[in-house]
Amino acid sequence: AQKVTQAQTEISVVEKEDVTLDCVYETRDTTYYLFWYKQPPSGELVFLIRRNSFDEQNEISGRYSWNFQKSTSSFNFTITASQVVDSAVYFCALSGSNYQLIWGAGTKLIIKP
Amino acid sequence: AAGVIQSPRHLIKEKRETATLKCYPIPRHDTVYWYQQGPGQDPQFLISFYEKMQSDKGSIPDRFSAQQFSDYHSELNMSSLELGDSALYFCASSSPPGLAGEQFFGPGTRLTVL
């Protein structure tokens, strides 16, 4: 069975702090993709990153960085120097052999000014 | 760049009524997915279509049906609406289908059933 776990239901930090959102996944597929999506209060789903199972290279995009570790089945997301506009619900998702996106429950991130 | 278009953006219906949601995928995308997201929930996969044929089925109620047309747009038909159907409905498209096909999401249709 495939599963994505985001253990942090809600995180609240003060602006400019760094924050890491955890994502742990389960799958028996050897080939799979992992995703992070952002859902701001307006409701749309914004794609942030896709990582395939054969590429464990970490990625940095501006203030965002992702740490993929197959050994621990984790794909964590860090926001450096957080800003109020980063406030949103963040979803981690997995796509395996059945092509469906399996979603985590989401982490609500609150950035206080 | 063109994105996924969903209409209407907001819809209010009474219980037992019917509703039709429309999705226009990104040009040249041949796969469409439908998701339902209840308040405070993660998106739940309903159904998907590839080249106008149903490719996968998730937790779609029997009261709902969907299809993909020759121009690749898709419609989700919902009958005998219940209060619990109130949710945000997302459509996503991709090409090619499968693992490498990143799903691009539309803005969603917010359905409220009174």
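In the stretch A:9-35, the qualifying residues are those that are polar (S, T, N, Q) and closer than 15 Å to A:Trp103 by Cβ, and the one that is farthest from the other protein chains (Cβ to nearest Cβ) is A:Thr27.
If only residues of the stretch A:36-55 that are within 30 Å of B:His10 (Cα to Cα) and in contact with an Asp or Glu (Cβ under 8 Å, 6 or more places away or on another chain) are counted, the one that is farthest from the other protein chains (Cβ to nearest Cβ) is A:Ile49. Tallying residues that are assigned to a strand (DSSP E or B) and either at positive phi or surrounded by fewer than 12 Cβ atoms within 10 Å (Cβ to Cβ) (or both) within the stretch A:13-50 yields 1. Residues that are part of a loop (DSSP other than H, G, I, E, B), touching an Asp or Glu at 6+ places or on another chain (Cβ under 9 Å) and either more than 29 Å from B:Val32 (Cβ to Cβ) or more than 14 Å from chain B (Cβ to nearest Cβ) (or both) within the stretch A:56-113 comprise A:Arg63, A:Ser73, A:Thr80, A:Ala81, A:Ser82, A:Gln83, A:Pro113, listed in sequence order. When the stretch B:51-88 is filtered for residues that are more than 12 Å from the chain's Cα centre (by Cα) and under 18 Å from B:Arg16 (Cβ atoms), the ones remaining, listed by number, are B:Pro61, B:Asp62, B:Arg63, B:Ser79, B:Ser80, B:Leu81, B:Glu82, B:Leu83, B:Gly84, B:Asp85, B:Ser86.
When the strands (runs of 3 or more DSSP E) confined to the stretch B:20-114 are screened for residues that are crowded, with 20+ Cβ neighbours inside 10 Å, those reaching at least 2 such residues are found at B:31-37, B:44-50, B:64-68, B:74-78, B:87-94, B:109-113. For A:Ser74, the criteria (1) closer than 28 Å to B:Gly3 by Cα; (2) surrounded by fewer than 17 Cβ atoms within 10 Å (Cβ to Cβ); (3) of a type in the set (Ser, Thr, Tyr) hold in every case but one, which is (1).
Taken together, the values in this text are just the output of simple stated rules run on the coordinates, not laboratory data. Just so it is clear, the structure is predicted and the values come from calculations on it, not from any experiment. Because the Cβ atoms are built from the backbone with ideal geometry, glycine has one as well, and the counts that use them run over all protein chains shown.
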